[in-house]
Amino acid sequence: MTTSLLEHPVILEEISEGVVITDKFFNIHYANKYAQFVLGIPENYKNKIYLYQNLSRSTYEFLKSLKFEDSNQKIQRLGILEFRSEKKITLLDVSINTIEKDRNILFFKNVTDILGLMDSIVTQENQFTHLFHAIPDMLLLINGSKTILMANKSVYNILGWIPSKTIGNSFENFIHSEDKKLFQDLYQESLLNNKIQVGLIRVQNRAGGYSIIEFYVYSDRSDDSDRVYYLGRDVTEKNQYENLLLEKISKDDLTKLSSKKYLYDSIENLIQELNFGRISAFYIFYIDIDRFKDINDSLGYSAGDSVIKLIASRLTRISAIYSKTFIARIGGDKFAIVISCESFSIDPIEICELIQSYFSEILNIQGHQLLLTCSIGVSTGDRSYKDSEKILRHADIALHEAKKKGRGKYCIFEARMQERKYNSFQMESWLREAIDNSNFTLQLQPIVSMQDNIISHAEALCRWNHYTHGNIPPIEFIQLAEETGQIHNIGNWILINACKLLEGWNRNNRTIVPIAINLSPLQFENPNLPKLFSIYLEKHKLRPENIHIELTESLIMSNTQHSIKVLTELKEMGLTIYLDDFGTGYSSLNYLIHFPIDIIKIDKSFIDNILLSNNGFSVVKAIIKMAESLSIKVVAEGVEKREQYEMLKEIGCNYAQGYFISKPLPSDDFNLIKLNEELVNKGLIYTG
Ligand code: C2E
Ligand code: CA
Ligand code: CA
């Protein structure tokens, strides 16, 4: 990696910014002229590694003090840090980035002078005008309504604005719409903290484009003033240069494809895009050349390298077909392709076959004709993924599954392939024991009707208390229970116990709220399910309105005529039907129109987002409006904060469930009067 940087020493040497590359022990592998000057590194270290023992103590201490998360792998701005050498204090504005696991690149510039200058501007009033115009950087003074009160000459030089159109105008008018929020934040923060804030903002220039300006934002120190100074430097070119540099070091030398580091970044970006609703899905294809080791062993490494290069160039053909494609080499003979789409118009199987077709053309390598195959593992990016790691692990698991099937196969990740914490044989026998001994308990989580802030029903959640392993959460056993068929017994156990609870409430004249039961898609394959329900309802003297059932989209996806028939029968019996985890699967309007669904439960991941972004909020609002138009009610899942509750209520959400209201409770603790009182204590008015 370092060599690719050192191939361009001229560009690096010329910039008026420090660039340093170190390993994890802070041995310096490279430092440009500027960095040598500021950090006091002798010039003669060139082309050798400058060991940290040889660094002056101050430089070493400074490098060591940089705290960053290397797992993040993105440029991190560390802000303005003090570098104390023997002679003086220098203020450096430092950014850091991990190129590879053990290697860091640092960018910094000396901002001591800028800050000193700003200080003198605001303290020495009499020199003000002179200094104000003498600064080569642009300087603006802005008040609380964002009006430009003053602008120095450099503003006109840099942006080409005309004075008469600058003074008295709103600064916000000149700012790129995506940067307006940052602009506001810098303003607020500088006033609140009385500290210098730094940020990159795109500002309109006279040529009609945007210049990237790095602003140092500083509040006027006089009391009660809402005036703030914006000192700006045009970094448009430097910014483009930094991006170029990063691009260079993120490329794989052999194939010129992106490196693994960029793969993580690109996936993190796609996860964001998904959350903002800008794309509807993305797919990751892990591609591994079958028996590549044989080529290396029999024809030598240079033949191996040629194969990799040729395959890489064939893989890039895919970007001509799918426009949103990202290709990386992620290891010896392993590649990753990421394809995103705005609508579900992409078929991953078709893509697997296309990739395999690239391999079916004969390769001529050093006079040998080779016919290769590849194995492919696919994972589908949906909203349930919070970071790149898990989704890549899933692609890798799918790749292993494909390899198990032999050469030239592909496999799409399914949840059942998950690595398990427990050995599944062991778990299966524990589960059997648990079913025999009824080692399950049923918890209830209250659900509030937001219209009148009162508990309107509850969800039944199953708990397994293992005699040595303690509480085993449902996500760890439901799936196995489904695979082994034990889910039918567990499902029955829950149904019976929910009915018993309801009967008990009736007997004791307690107010009764309906209980919603989670049903696995497999339970719908049992043609006797509706009969079972009617037997239990009758036995426990319950009405069908007392029982609600929750199903997931996977049931609808499987779309077996049979399951749908069972669902329709349950609905006709008078049971209320929920679509659970709405948004995490292949949510489609179609389902809502064609299936007898009464209520949808918006998945927690969406609810988390309403406070985090405008888009997150708009998505939930859109779901609520859409449901309303279909006369379907909406439950918000995982409501943890009052702000979420209030926002949801405002946009017409019908019901809320989550820790803000209550965690799931042992059924004995589910006391409606107490729970409703708690709602009153939370300030939610209860009119009962
Ligand atoms: P689910 O049906 O989506 O259930 C909601 C899950 O979210 C529950 O986890 C609940 O405890 C949790 N939860 C509720 N409010 C909040 C909140 O504000 N914050 C957070 N972080 N979590 C919240 P639990 O009980 O671990 O259940 C997990 C999943 O296991 C359930 O997801 C459901 O799919 C399955 N499951 C649970 N009980 C049963 C059952 O009896 N039968 C079947 N087939 N599946 C079940
Ligand atoms: Ca549920
Ligand atoms: Ca759910």
Long-range neighbours under 7 Å by Cβ, at least six apart or interchain, first residue closer than 19 Å to Met573 by Cα and basic (Lys, Arg) within region 589-606, second at pLDDT 90 or above and more than 12 Å from ligand 1 (Cβ to nearest atom): none
Residues (under 13 Å from Ile496 (Cα atoms), among the β-branched types (Val, Ile, Thr) and open to solvent by 30 Å² or more (accessible area, probe 1.4 Å)) located in region 524-576: Ile535
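This table checks each residue for (1) more than 19 Å from Lys663 (Cβ to Cβ); (2) out of contact with any Ser or Thr (no Cβ under 7 Å at 6 or more places or on another chain); (3) more than 13 Å from ligand 1 (Cβ to nearest atom).
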residue	(1), (2), (3)
Phe440	no, yes, no
Ile454	no, yes, yes
Cys462	no, yes, no
His469	yes, yes, yes
Gln479	yes, yes, no
Asn489	yes, yes, no
Ile494	no, yes, no
Arg507	yes, yes, yes
Which numbered condition Lys500 misses (of (1) within 14 Å of ligand 2 (Cβ to nearest atom); (2) in contact (Cβ under 8 Å) with a residue 40 or more places away in the chain): (1)
Strands (runs of 3 or more DSSP E) contained entirely in region 430-497, each with at least 3 residues that are in the same structural domain as Leu648 (by TED's automatic domain parsing) and aliphatic (A, V, I, L, M): 440-449, 454-466
Check on Glu483, in contact (Cβ under 8 Å) with a residue 40 or more places away in the chain, closer than 29 Å to Lys500 by Cβ and surrounded by fewer than 16 Cβ atoms within 10 Å (Cβ to Cβ): yes
Check on Asn506, open to solvent by 50 Å² or more (accessible area, probe 1.4 Å) and closer than 23 Å to Lys633 by Cα: no
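For a quick check of your reading: which helices (runs of 4 or more DSSP H) sit entirely within region 295-376 and have at least 3 residues that are farther than 18 Å from Gly408 by Cα?
Qualifying helices (runs of 4 or more DSSP H): 301-315, 318-321.
Name every residue in region 276-294 that is more than 26 Å from Glu350 (Cα to Cα) and part of a helix (DSSP H, G or I), in order of residue number.
Lys293, Asp294
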Residues within region 514-571 that are acidic (Asp, Glu) and out of contact with any helix residue (DSSP H, G or I) (no Cβ under 8 Å at 6 or more places or on another chain), tallied: 3
Residues being within 16 Å of ligand 1 (Cβ to nearest atom) and at positive phi - total across region 609-654: 1
Residues that are open to solvent by less than 60 Å² (accessible area, probe 1.4 Å), free of Cβ contacts under 8 Å to residues at least 60 places away in the same chain, small (Gly, Ala, Ser) and part of a loop (DSSP other than H, G, I, E, B), drawn from region 136-193: Gly160, Gly168
Enumeration of residues in region 30-58 that are open to solvent by 20 Å² or more (accessible area, probe 1.4 Å), modelled with pLDDT of 80 or more and either in contact with a helix residue (DSSP H, G or I) (Cβ under 7 Å, 6 or more places away or on another chain) or farther than 18 Å from Phe108 by Cα (or both): Lys33, Gly40
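The values are calculated or read from the model by the stated rules, or taken from the named source; none is laboratory data. Bear in mind that the values here come from a model prediction, so they are computed numbers and not experimental data. Note that each Cβ is placed from the backbone with ideal geometry, even for glycine, and that neighbours are counted across all protein chains shown. Note: areas computed on protein heavy atoms with side chains; ligands, DNA, RNA excluded. Shrake-Rupley method; radii C 1.70, N 1.55, O 1.52, S 1.80 Å.
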